[in-house]
Amino acid sequence: MDFEYTPKVKEMQARLLAFMDEHIYPNEQRFFDEIAENRAKGNAWIPTKIVEELKPLARKAGLWNLFLPKSPRAPQGLSNLEYAPLCEIMGRVPFAAEIFNCSAPDTGNMETLERYASESLKDEWLEPLLRGEIRSAFLMTEPDVASSDATNIECDIRRDGNEYVINGRKWWSSGAGDPRCAVYIVMGKTNPDAGRHEQQSMIVVPANTPGITVVRALSVFGYDDAPHGHMEVVLKNVRVPADNILLGEGRGFEIAQGRLGPGRIHHCMRTIGIAERALELMCKRLNSRVAFGREVARQTVWQERIAESRCMIEQARLLTLKAASMMDTVGNKVAKAEIAMIKIVAPQMACQIIDWAIQAHGGGGVSQDFPLAYAYAHQRTLRLADGPDEVHRNSLAKLELAKHLAMPGEVDMPITRGS
């Protein structure tokens, strides 16, 4: 496999790195200060001015909608392999991806609309999302069932004439706290008597539809992630046109599998970026501190951790690139093992490196003076988001076991030792 970046990607890397240096790193503190100021005024759920100011600059720089491959509505979209090194750079700062219109859950929702929605739904919702005029949320997980098994989802979607009526309770609806959130994609059950994987459907729901209540924001290790948010949402007798169903009844599980593949690998791409930044911060801190008469960087324990961090990042990056390449060439379904592997590996890798970086910073590492505590909270959450580690491990193990099933009539031969 050749993972050498093309001249086009290298040029875009340089442009993106320059944009980060000029516009994003210098404004990182301003982003959090704006949220703190809004919170002090009584409402943290206000879009920050700095992100809105930078979006037109990103678009002008040709760094917009890079995540969506093979879409006539976003011709600038890159392949997964091309996008990987750029997404990694965006992942170094938590809010950066939004500036380039490449942030979750909008990217996954846009891919879903592009692949599975009617042209009229694309005109109504995909186009304004691609222009960055609105934001969206994905309502799948529920508090009353083990949503790691999507077939457990109980939200009721019932046909009533030319409409569907939706009743259910969702949580971890990321993005639903943002006042710019104009549309939801909701997964629920249309036919409880169908086969296990044909009971679920997905439907497009305007966020201002009567019957929707955003109950509360859920915090992540104490962070509310305003103005984005992870919300608990109740849908009570919510009515939407029947044409809003995606692909038709019973196709929700299929759509979920198609949606989550790219979403998972995008998370992993960004994860490598924050792991790189954590390693950089760790090295700078260790080089600048003296303890017990010598630089902390000279202590063997830290040299071992730095070396291990570099190995872990490079391994995760190569696996990410392999998965991305396979998604481009043989499709998401064939690449499901590689997608599962990197979803297991990347967040655990980042959690360990960020943890070491926190340790290197001492008390400062868990404070707001460095981005490490917030980064750790986010990466630890990714071991649950888009499927917990255990589900991916089970899926991967089943694929591996299937390779070695005995064929009919085949007998396992014992291993014998020569005398």
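The values are calculated or read from the model by the stated rules, or taken from the named source; none is laboratory data. Just so it is clear, the model here is predicted, and its values are computed rather than measured. Every residue, glycine among them, receives a Cβ derived from its backbone with ideal geometry; neighbour counts consider all protein chains shown.
Below is a table of values for the structure above.
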{"quantity": "Count of residues meeting criterion [more than 19 Å from the chain's Cα centre (by Cα) and not hydrophobic (A, V, I, L, M, F, W, C)] in the stretch 255-292", "calculated": "6"}
{"quantity": "Residue match in the stretch 53-67 (condition: aromatic (F, W, Y), more than 19 Å from H266 (Cβ to Cβ) and within 24 Å of the chain's Cα centre (by Cα))", "calculated": "no"}
{"quantity": "One residue from G250, G188 being part of a loop (DSSP other than H, G, I, E, B) and modelled with pLDDT of 95 or more", "calculated": "G250"}
{"quantity": "Pair list, Cβ under 6 Å, 6 or more apart: the stretch 167-195 residue under 17 Å from G252 (Cβ atoms) and without any contact (Cβ under 8 Å) to a residue 12 or more places away in the chain, other residue polar (S, T, N, Q) and surrounded by 17 or more Cβ atoms within 10 Å (Cβ to Cβ)", "calculated": "P192/Q199"}
{"quantity": "Where K70 falls short, out of the listed (1) at negative phi; (2) in contact with a Gly (Cβ under 9 Å, 6 or more places away or on another chain); (3) surrounded by fewer than 22 Cβ atoms within 10 Å (Cβ to Cβ); (4) of a type in the set (D, E, K, R)", "calculated": "(1)"}
{"quantity": "Qualifying residue in the stretch 19-26 (condition: loosely packed, with under 14 Cβ neighbours inside 10 Å, hydrophobic (A, V, I, L, M, F, W, C) and at negative phi)", "calculated": "no"}
{"quantity": "Failed item, numbered, when G252 is tested on (1) under 15 Å from the mean Cα position of the chain (by Cα); (2) buried (at least 17 other Cβ atoms within 10 Å of the Cβ)", "calculated": "(1)"}
{"quantity": "Counted residues, the stretch 73-96 - those being more than 20 Å from Y5 (Cα to Cα) and surrounded by fewer than 23 Cβ atoms within 10 Å (Cβ to Cβ)", "calculated": "5"}
{"quantity": "Every residue from the stretch 162-182 that is of a type in the set (A, V, I, L, M) and crowded, with 24+ Cβ neighbours inside 10 Å", "calculated": "I166, A176"}
{"quantity": "Verdict on V204 being under 18 Å from the mean Cα position of the chain (by Cα) and assigned to a strand (DSSP E or B)", "calculated": "no"}
{"quantity": "Lone qualifier among P69, P26 - being closer than 20 Å to R92 by Cβ and either out of contact with any Asp or Glu (no Cβ under 7 Å at 6 or more places or on another chain) or part of a loop (DSSP other than H, G, I, E, B) (or both)", "calculated": "P26"}
{"quantity": "Only listed residue being under 18 Å from E280 (Cα atoms), without any contact (Cβ under 8 Å) to a residue 60 or more places away in the chain, within 17 Å of the chain's Cα centre (by Cα) and surrounded by 16 or more Cβ atoms within 10 Å (Cβ to Cβ), chosen from A375, A316, A340, A346", "calculated": "A316"}
{"quantity": "C351, sole failed condition from (1) farther than 30 Å from T6 by Cβ; (2) outside any loop (DSSP other than H, G, I, E, B); (3) over 19 Å from the mean Cα position of the chain (by Cα)", "calculated": "(3)"}
{"quantity": "Qualifying position, being hydrophobic (A, V, I, L, M, F, W, C) and free of Cβ contacts under 8 Å to residues at least 60 places away in the same chain, among L121, L130, L126", "calculated": "L126"}
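Matching residues to (1) in a loop (DSSP other than H, G, I, E, B); (2) more than 20 Å from A226 (Cβ to Cβ); (3) not assigned by TED's automatic domain parsing to the domain that holds N244:
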{"residue": "S120", "(1), (2), (3)": "no, yes, yes"}
{"residue": "D123", "(1), (2), (3)": "no, yes, yes"}
{"residue": "D144", "(1), (2), (3)": "yes, yes, no"}
{"residue": "V165", "(1), (2), (3)": "no, yes, no"}
{"residue": "W172", "(1), (2), (3)": "no, no, no"}
{"residue": "D193", "(1), (2), (3)": "yes, yes, no"}
